[in-house]
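All of the numbers you see were taken from the coordinates with simple rules; none came from a lab. What you see is a predicted model; the values in this text were computed from it and never measured. Because the Cβ atoms are built from the backbone with ideal geometry, glycine has one as well, and the counts that use them run over all protein chains shown.
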Amino acid sequence: MSETVLVTGGAGYIGSHTAMALITAGHNVVVVDNFVNAKADALHVVAELTGSEIPVIEGDARDVDLLIKVINEHDVTAVIHMAALKAVGESVEMPLEYYSNNVQSATATLEAMREAGVYKFVFSSSATVYGDPESCPIPETASIGATNPYGMTKQMIEVIIRDLAASDDRWKITSLRYFNPVGAHESGEISEAPLGKPNNLMPMIMEVATGKRDKVMVFGDDWPTPDGTGVRDYIHIMDLVEGHVAALEHLDAQDGYEVYNLGQGNGVSVFELIRAVEEATGLTIPFEVTDRRAGDIAECVADPTKANDVLGWKTTRDISQACQDAWNSQ
Ligand code: NAD
Ligand code: WQD
């Protein structure tokens, strides 16, 4: 069944790639974004590449009346809620802004959906809810315990949507816990283009590769990992967004609330990622090892078995493809 999907925060990195995957799979997309961390450009490119119209409404996902209007006017049948502030360090300095923006935009979106009679909801959660995991790979059944306000907003929203789904069986709700999305659409026409200084490793490496910065600061080489640098589960953005299509299309067959990890299932260290970018670009990426970053953890790798088995979704692109596509998009 073809859905008309409202993507809140859909102008951002993951949202614009999700729009591409949804349209490619035969769905329609409507976006509400307040452009605090994105521009509409990427969506214009997606519309052009897919030959599809994407209504983009500038507005805040905390605005219930606006969302009701958008859902009704566009005959929205499902919502993917991505609108959020996402910088961990900033969330420690501005917790109120994070709780207000992230939690309120989720409750407002759900309220608007209920008013409009739409009950299919996919939520952008994060592996950050696992905090410092006891062991890797991490299954969905692992204990959760976010260690910063950003992660706590994701954890709180997961509690809210679990309780909501339990209160009324019309709701079909899925929480997707993303590991570390990297790369770009194969066309190279849309990319991860954070406004301001990048917080994450791959966009930082890209800024060094393009000469915007001198070197990558590597946050510690004394972690208990094979080469001493942090290990993460980097997942190609197109694999990640195809996971959203699979989750959306599975909702009709689902009862209530489910949680899925979206990750590769493989750990890659900071040094390995730098080397993979060097191989993809033919460049040398200068780096300097510095102190550990506050709040960092040694390792975070997904067990994606549940999404593989239940959603029939698997990653098909490796880290070298992600590096090539990230570079191509620059
Ligand atoms: P992004 O910043 O590129 O996209 C988020 C979008 O939400 C932006 O376009 C921003 O303008 C918009 N936005 C923020 N607050 C809003 C509000 N109140 N109303 C309307 N629009 C609003 O980030 P992204 O990487 O594309 O992340 C998308 C989602 O995935 C977020 O919920 C994020 O927390 C989550 N996530 C991201 C990662 C990651 O590493 N990128 C990992 C796990 C989870
Ligand atoms: C990866 C590795 C760093 C930058 C964060 C959020 C998480 C999720 C994804 C949204 C770590 C190292 C990084 C740099 C470095 N976001 N690093 N130099 O920390 O796994 O996750 O983004 O939900 O919530 O916490 O990703 O890309 O910041 O770091 O050495 O300049 O790279 O120490 O080992 P992280 P990251």
Exercise for the section: Tell me which residues, restricted to the range 220-250, are under 23 Å from Val277 (Cα atoms) and within 16 Å of ligand 1 (Cβ to nearest atom). Expected result: Gly230, Val231, Arg232, Asp233, Tyr234, Ile235, His236, Ile237, Met238, Asp239, Leu240, Val241
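Matching residues to (1) over 26 Å from Ala184 (Cβ atoms); (2) in a loop (DSSP other than H, G, I, E, B); (3) within 16 Å of ligand 2 (Cβ to nearest atom):
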{"residue": "Ala280", "(1), (2), (3)": "no, no, no"}
{"residue": "Leu283", "(1), (2), (3)": "no, yes, no"}
{"residue": "Ala294", "(1), (2), (3)": "yes, yes, yes"}
{"residue": "Val310", "(1), (2), (3)": "yes, no, no"}
{"residue": "Thr315", "(1), (2), (3)": "no, yes, no"}
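Among the candidates Val92, Val45, which residue alone is surrounded by fewer than 17 Cβ atoms within 10 Å (Cβ to Cβ) and either in contact (Cβ under 8 Å) with a residue 40 or more places away in the chain or among the aromatic types (Phe, Trp, Tyr) (or both)?
Working: Val45 fails: surrounded by fewer than 17 Cβ atoms within 10 Å (Cβ to Cβ).
Every option except Val92 fails the conditions.
I'm trying to understand the selection: among the residues of the range 76-131, which are part of a strand (DSSP E or B), farther than 20 Å from Pro55 by Cβ and β-branched (Val, Ile, Thr)? Walk me through it before giving the result.
First pass over the range 76-131, keeping only residues part of a strand (DSSP E or B): 78-81, 120-126.
Then drop every residue that is not farther than 20 Å from Pro55 by Cβ, which leaves 123-126.
Across the range 76-131, there are no qualifying residues.
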Exercise for the section: Select from the range 137-151 the residues that are surrounded by fewer than 19 Cβ atoms within 10 Å (Cβ to Cβ) and either over 21 Å from Lys86 (Cα atoms) or more than 15 Å from ligand 1 (Cβ to nearest atom) (or both) and list them in ascending order. Expected result: Pro139, Glu140, Thr141, Ala142, Ser143, Gly145
Handout entry: Failed criterion for Arg170 (all others in (1) under 24 Å from Ser100 (Cβ atoms); (2) among the charged types (D, E, K, R); (3) assigned to a loop (DSSP other than H, G, I, E, B) hold)
Key = (1)
Practice task
Quick one: count up the residues across the range 219-272 that are closer than 15 Å to Leu201 by Cβ, surrounded by fewer than 20 Cβ atoms within 10 Å (Cβ to Cβ) and either more than 12 Å from ligand 2 (Cβ to nearest atom) or among the hydroxyl-bearing types (Ser, Thr, Tyr) (or both).
Solution key: 1
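So which residues in the range 110-130 are free of Cβ contacts under 8 Å to residues at least 40 places away in the same chain and either in contact with a Ser or Thr (Cβ under 7 Å, 6 or more places away or on another chain) or at positive phi (or both)? It would help to see each step written out before you state the result.
Start the filter on the range 110-130 by keeping residues that are free of Cβ contacts under 8 Å to residues at least 40 places away in the same chain, which leaves 114, 117.
Gly117 - this is the single residue of the range 110-130 that is free of Cβ contacts under 8 Å to residues at least 40 places away in the same chain and either in contact with a Ser or Thr (Cβ under 7 Å, 6 or more places away or on another chain) or at positive phi (or both).
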Practice task
Exactly one condition in (1) closer than 27 Å to Glu140 by Cβ; (2) of a type in the set (A, V, I, L, M); (3) within 15 Å of ligand 1 (Cβ to nearest atom) is not met by Ala326; state its number.
Solution key: (1)
